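The values are calculated or read from the model by the stated rules, or taken from the named source; none is laboratory data. None of these values were measured; they are calculated from a predicted model. Here the Cβ positions follow ideal geometry from the backbone for every residue, glycine too, while neighbour counts run over all protein chains shown.
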Amino acid sequence: MAKRSEIRVSADQIKLRSGAQASVAVVGNPNSGKSTLFNRLTGLKQRIGNYPGVTVERHIGTLLFEGKRTELIDLPGTHSMSAHSLEEQIAVDVILGRMQGTTAPDGILAVLDATNLYQGLFLLQQLVDLELPMVVALTMTDAATQTGIDIDVDALSQALGGVKICSVVATTGAGMENLRAALSALPETPAPNRISVWPELTVAAEKLRSASVGSLRVPECERLIVDGVTERNQSFSSELGDAAVAMLADLREELFASEPPIAVEARIRYDWARVTLNAVQCSTPPFRSWRTHLTAFLNQPVAGTIGLFVVMAVVFQAVFAWATPIMDFIDASTASLGASIGALLGDGAFSSLIADGVIAGVGSVVIFLPQIVILFLFIILLEDSGYLARAAYLMDRTMRSVGLSGQSIIPMISSFACAVPGIMATRVIPNRRDRIATIMAAPFMTCSARLPVYALLIAAFVPPDRVGFMNLQGLVLFGLYMFGIVMGILTALLMRKTALRGPKPPFALMLPEFRRPNLQTVLIQLLGRAKVFLYRAGTVIFVVAVVVWALAYYPRSDLIGAEAEKQQTAAVAMLSGDELALQLAQIDNVAAAAQLEQSWLGRAGKTVEPIFKPLGWDWRVSAAVIAGFPAREVVIAVLGTVYAVGDEADEATLSSRLKASSWPDGSPVFTLPMVIGLLIFYACCLQCAATLAVIRRETNTWRWPVFAWVYMTAIGYVGALLAFQIGST
Amino acid sequence: MEINAYTLATLKRGEKGVIKSVDASDPQVQRLMVLGLVEGAEIEHASSAIGGDPIEFRLFGSGISLRQEHAKFFQVAPIAAGG
């Protein structure tokens, strides 16, 4: 058991000897301006990774000051060294130097929000007692001054064991040089004196330490006495040994009797915080700034809710509409780039791999970037301005009634544009169960990639009859949107009742004052999100795109190629001008359809035809649906190829082909029940490799994407089956 | 436990109170205590969402929102306006 700490000591020695950079943990309450400060200090010199085995992101950056490099670790926000969530436990483990794969920090940068000293001082007491070199960054001092708060920094430093305090305004950069210098000198700075607000606890912790077999330190023993041995603190509770475990029970009994230890600690520490606060902070009546006016206005229940809907409408509109021209541009560029490279390389497998596989594959990744960037721009702005917490607060009651929490509202609305950024946005939900329930519900929302498929099928097969004041086509489209919402809500409810059953998390949300976000930190965060998507999800999407290309390309039949060439030679001899071009294109399209029919994809379509026949689909529809699994919008291009009208066919040509398509006995394939079934299938089925890759990335396991895929495909199949079978009788 | 008429859930908009006692047996309530809702803290009902739930309180200048179901675990002594 002592082994781990030996390793730690030797790692520290190695670090000192090799002169490697010191590392500093950035710790603070949620919303204390910690991440803004971190981004300010490290700029673009950041890496985003994951802590081993969990979904929590690890942000590490480098601070450069007068040629000296210091590594900063931005930890998840926490209120206490008593962890209540996975994120908080990670923060605690890193601070204590007990996180695998992360070196023990040489010091702590404690971030203290000047507008919220009360809660900040609770955590600060625990941090000072760790006996690690420490510097405090007092943030939001501008906002504090504006609200009439005046803090005596020297008195505060004295109350906190003589720790160095740097007043900063992270958004403008005031005081940052001072902080940089202090951080760079931190490893050589002596630790602040312990303040031991709760002497009885310290005495008990010393007793416990001398009874333990490992290398526990007093602060760790203090945590064990308050928290007990739990699943979360295994990283150090395992070093107690049997004697100390027995002693722990006695010490806890002695100190707390029947009171809950956490409540006892809260009372003692907040009593101290209140006294200290009164000593170091004097408040004058605040003058009314734009913040107070805005807050007062949005605090009214009705005005606040209306305000929220306006904000949501703007976000939705932006993600949906602003991204479209950029996406169309990317789409057109990849298509023309693919075509010109294809022409350059001539015919053949390699040319097709580059043009239809690689370039189309890269395009299918990049196409998501506009929506992701626009959505995250809004989310980061809303989060940094403090509005996101308010949105969650306003929507809490409504979302709770469908089994989710207030924080689910932004991911859900975003998913109407695209589930990929929507699922990435679920990181604002702290509770794991709520987060996964939201992730499972999000892909049911009608995303923009479903729209072209809906539009094609509805325009071709649903008569434009008037139903009341609505058109039947519009009604069907509206119905599909509602169907998606209902299925999403039912899914969330079902998940929260079964696999994700668990206590509702206490909904205690800090509602920060509005503040102006800083452009630089917004851009840094935005860049980080875009990179994470490209590297982590992008690779999966790309691989899938190339695999589908191979399935649709191989095996090639020389016979079909030779036949097409023969026909084209004959056509050249007989025709000229436009007529010839038309004839040549027609021969190409027929050949492409024939190639596809005997490719692996075409064969797969025929193999699975019996499975999809009860749904009224022939092999062509089946093949197109299979090809659409990586990206549902592909289905239109594949239908175009299968029906020999070319993959760039216009809608009118394609829909007339679809209408004419028939079974061997002459009956039409695309009947209304079959089309309704196909639409239901599209509304449910998770035909999107990008979504699966993002679910994998956000849940850190393949279990959830596989489950989501099977679950949604099953619902889509059954829905289409019912629609066809009931509609056809 | 003695039933007290005044809890955080009964404070009206704009009313202030001091937390007098907390029923800390529920772990979720303990979690709220870690956020500073302990005996002696002065707290004000700032606003509520539509339907009166959740409620936004002001605690030492910071906003914190609680659900009705949790607010009733905190008994308060009201402070007269201006006091």
(message) I'd like to verify a number: residues in segment A:295-309 that are at pLDDT 85 or above and touching a Phe, Trp or Tyr at 6+ places or on another chain (Cβ under 7 Å), how many?
(response) 1
(message) If I filter segment A:396-410 down to residues being among the polar types (S, T, N, Q) and outside any loop (DSSP other than H, G, I, E, B), which single residue comes out as modelled with the highest pLDDT?
(response) A:SER408
(message) Please go through segment B:18-28 and give me each residue that is over 11 Å from the mean Cα position of the chain (by Cα), more than 7 Å from every other protein chain (Cβ to nearest Cβ) and touching a residue at least 40 places away in the same chain (Cβ under 8 Å), ordered by number.
(response) B:ASP23, B:ASP26
(message) Which count do you get for residues in segment B:33-66 that are within 20 Å of A:ALA303 (Cα to Cα) and of a type in the set (D, E, K, R)?
(response) 3
(request) Scan segment A:134-170 residue by residue and report those that are within 14 Å of another protein chain (Cβ to nearest Cβ) and of a type outside the set (Ser, Thr, Tyr). (result) A:MET140, A:ALA143, A:ALA144, A:GLN146, A:GLY148, A:ILE149, A:ASP150, A:ILE151
(request) Take segment B:42-54 and flag every residue that is more than 7 Å from chain A (Cβ to nearest Cβ) and closer than 12 Å to B:LEU8 by Cα. (result) B:GLU42, B:ILE43, B:GLU44, B:HIS45
(request) Could you tell me whether segment B:30-37 includes any residue that is of a type in the set (Lys, Arg), surrounded by 21 or more Cβ atoms within 10 Å (Cβ to Cβ) and within 12 Å of chain A (Cβ to nearest Cβ)? (result) yes
(message) Suppose we keep only residues that are without any contact (Cβ under 8 Å) to a residue 40 or more places away in the chain and within 7 Å of chain A (Cβ to nearest Cβ) within segment B:60-74. Which one would you say is farthest from A:TYR118 (Cα to Cα)?
(response) B:ARG67
(request) Identify, from the list A:GLU131, A:GLU88, the residue that is within 14 Å of chain B (Cβ to nearest Cβ) and surrounded by fewer than 24 Cβ atoms within 10 Å (Cβ to Cβ). (result) A:GLU88
(message) Please list, ordered by residue number, the helices (runs of 4 or more DSSP H) wholly in segment A:175-291 having 2 or more residues that are under 21 Å from A:GLY161 (Cα atoms), under 40 Å from the mean Cα position of the chain (by Cα) and of a type in the set (Asp, Glu).
(response) A:218-227, A:261-280
(message) Would you confirm whether or not segment A:259-267 contains a residue that is more than 13 Å from every other protein chain (Cβ to nearest Cβ), free of Cβ contacts under 8 Å to residues at least 24 places away in the same chain and crowded, with 18+ Cβ neighbours inside 10 Å?
(response) no
(message) Are there helices (runs of 4 or more DSSP H) fully within segment A:598-686 with at least 1 residues that are at pLDDT 80 or above, in contact with an Asp or Glu (Cβ under 9 Å, 6 or more places away or on another chain) and acidic (Asp, Glu)? List them.
(response) A:600-612
(message) If I filter segment A:105-120 down to residues being of a type outside the set (D, E, K, R) and within 14 Å of chain B (Cβ to nearest Cβ), which single residue comes out as surrounded by the fewest Cβ atoms within 10 Å (Cβ to Cβ)?
(response) A:TYR118
